[in-house]
Amino acid sequence: MARAAVQRRLSWRLGEVAELIDETPRVRSVVLGVAGWPGHRAGQHVDVRLTADDGYQAQRSYSIASAPDTPERLALTVERLDDGEVSPYLVGELRVGDTLELRGPIGGYFVWDVGMGGPLLLIAGGSGICPLMAMLRHRAARGSAVPTRLLYSSRSLEDVIYRDELHRLMATGKGLEVFHTLTRVQPPEWPGYRRRIDQDMLAEVTWPPDLHPLVFVCGPTPLVESVATALVQLGHEPGRIKTERFGPTGG
């Protein structure tokens, strides 16, 4: 039975585009309806495969941004890379009613559900927010009040993915705090941080290590490595720090 379930997850299936949401000038969420979707956990990802008319295929992995609690809507949030093979199509050319080949869900290490408790510390850079957003949406769908802090690094305010939704989630008053840092351009009178995430910033935002928070870090490799190192130096347990990184993959 377990082997059959794995084979189903690793088989290609079709998802039909139900909605397209422009999150920023370079980022789009693709909402899919997937018949027979087996369900996923917050933090997992899928493979997406495109096939050209001449038979050429390109494949990329994308984190699932939707909560497991809404299985009828599978959301992938994609940042356009100008030299990419896949992301320019997904962000610029895909239309409602089109279909995509998907394989998954994949991954069992970088996952969280409300039963795992907290405190929960989420740290993201750029589109690394996507799997963490699945966790926040899952938390909200379950009405959880697990103490949660998100530290999110973006280049500018217009590059903040899910900006309005993050504000709404924090406004519910159920124990979510969101901290932003803008590394390149800040609007006048910007109240947040104005630099890359560093140890001093982490010391201000994180809970004391003796509270044993669960930590999830996702973003570009340099950010993930520096954050993980700084957290350990601050006294956090390495075994409670989970990381997922991405780099230039061609999009």
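The values are calculated or read from the model by the stated rules, or taken from the named source; none is laboratory data. None of these values were measured; they are calculated from a predicted model. So basically every Cβ, Gly included, is an ideal-geometry build from the backbone, and we count neighbours across all protein chains shown.
The residues in the range 223-236 that are out of contact with any Lys or Arg (no Cβ under 9 Å at 6 or more places or on another chain) and either at pLDDT below 95 or β-branched (Val, Ile, Thr) (or both) can be counted, and the count is 3. Yes or no: ARG8 closer than 27 Å to LYS242 by Cβ, touching a helix residue (DSSP H, G or I) at 6+ places or on another chain (Cβ under 9 Å) and at pLDDT below 95? So ARG8 fails the test. Look at (1) over 22 Å from ARG245 (Cα atoms); (2) touching a Cys at 6+ places or on another chain (Cβ under 7 Å); (3) not aliphatic (A, V, I, L, M) and you find that PRO147 fails only one, number (2).
Taking the criterion of being buried (at least 22 other Cβ atoms within 10 Å of the Cβ) and not in a strand (DSSP E or B), would at least one residue in the range 73-82 satisfy it? No; the residues of the range 73-82 include none that is buried (at least 22 other Cβ atoms within 10 Å of the Cβ) and not in a strand (DSSP E or B).
Total residues in the range 209-247 satisfying the condition of being at positive phi and part of a strand (DSSP E or B): the figure is 1. Answer with yes or no whether VAL91 is assigned to a helix (DSSP H, G or I) and more than 27 Å from LEU121 (Cα to Cα). The answer is yes for VAL91. Within the range 43-59, being in contact with a Ser or Thr (Cβ under 9 Å, 6 or more places away or on another chain), of a type in the set (Gly, Ala, Ser) and assigned to a loop (DSSP other than H, G, I, E, B) holds for one residue alone: GLY43.
For the range 170-191, the tally of residues that are at pLDDT below 95 and either closer than 24 Å to ALA65 by Cα or small (Gly, Ala, Ser) (or both) stands at 6.
Residue-level analysis places ILE161 among those that are surrounded by 15 or more Cβ atoms within 10 Å (Cβ to Cβ), in the same structural domain as ARG195 (by TED's automatic domain parsing) and either modelled with pLDDT under 95 or part of a loop (DSSP other than H, G, I, E, B) (or both).
Just to be sure before I move on: is SER153 hydroxyl-bearing (Ser, Thr, Tyr), buried (at least 16 other Cβ atoms within 10 Å of the Cβ) and part of a strand (DSSP E or B) in the structure I sent? Here the answer is yes, as SER153 does meet what is asked. Does the range 47-59 include one or more residues that are surrounded by 17 or more Cβ atoms within 10 Å (Cβ to Cβ), in contact (Cβ under 8 Å) with a residue 12 or more places away in the chain and under 14 Å from the mean Cα position of the chain (by Cα)? Within the range 47-59 (the criterion being surrounded by 17 or more Cβ atoms within 10 Å (Cβ to Cβ), in contact (Cβ under 8 Å) with a residue 12 or more places away in the chain and under 14 Å from the mean Cα position of the chain (by Cα)), the answer is no, since none of the residues qualifies.
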